[in-house]
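Below you'll find the structure, written out as structure tokens, and then a few comments.
The values are calculated or read from the model by the stated rules, or taken from the named source; none is laboratory data. Everything quoted here is computed from the prediction, not taken from an experiment. Every residue, glycine among them, receives a Cβ derived from its backbone with ideal geometry; neighbour counts consider all protein chains shown. Keep in mind that these areas ignore ligands, DNA and RNA; they rest on the heavy atoms of the full protein, side chains included. Shrake-Rupley method; radii C 1.70, N 1.55, O 1.52, S 1.80 Å.
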Amino acid sequence: MLKRVKFATVPVQDQTRALEFYTKRLGLRVFTDQAMGDSRWVELKVSGSETLVVLYKQANAKPGHLPVVVFVSDNVLATYEELQAKGVEFTQPPKKEPWGETAILKDSEGNLVVIATA
């Protein structure tokens, strides 16, 4: 029986740049950062969550087509304003729909990341 998601993988070309973005701008914290061949195995943790985000080095990553991860926020507008003040680029400002509110940002590698209400 499946119990939970252990981690979601975000394809990145530059792990150091992506690590700085996800920790300094989005506020995730490092759970694991260790050598893995010619790259690193980087796992990040969202405060209060068991699910990890892995920054996986992928040379031919083609970002920007589909969201790679969706984070839940109690207040999408406040999160949007906080992240925008930190220089985070959004492709969609907060938008209310019948199913909830979302905002979409680009990470340092061009991946789309969604901030949504539960």
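Details
- VAL30 open to solvent by 40 Å² or more (accessible area, probe 1.4 Å), touching a helix residue (DSSP H, G or I) at 6+ places or on another chain (Cβ under 9 Å) and of a type outside the set (S, T, N, Q): yes
- Taking strands (runs of 3 or more DSSP E) as the structural unit, no element lying wholly within the range 1-46 holds at least 3 residues that are in contact with a strand residue (DSSP E or B) (Cβ under 9 Å, 6 or more places away or on another chain) and among the polar types (S, T, N, Q).
- Within the range 66-92, the residues that satisfy the criterion of being touching a strand residue (DSSP E or B) at 6+ places or on another chain (Cβ under 8 Å) and either without any contact (Cβ under 8 Å) to a residue 12 or more places away in the chain or in a strand (DSSP E or B) (or both) are PRO67, VAL68, VAL69, VAL70, PHE71, VAL72, GLN84, GLU89, PHE90, THR91, GLN92.
- Any hit, the range 12-29, residues being charged (D, E, K, R) and in contact with a Gly (Cβ under 8 Å, 6 or more places away or on another chain): yes
- In the range 33-57, residue nearest to VAL69 (Cα to Cα) [restricted to those that are of a type in the set (S, T, N, Q) and surrounded by 12 or more Cβ atoms within 10 Å (Cβ to Cβ)]: THR51
- Any hit, the range 93-115, residues being open to solvent by 30 Å² or more (accessible area, probe 1.4 Å), of a type outside the set (A, V, I, L, M, F, W, C) and in a helix (DSSP H, G or I): no
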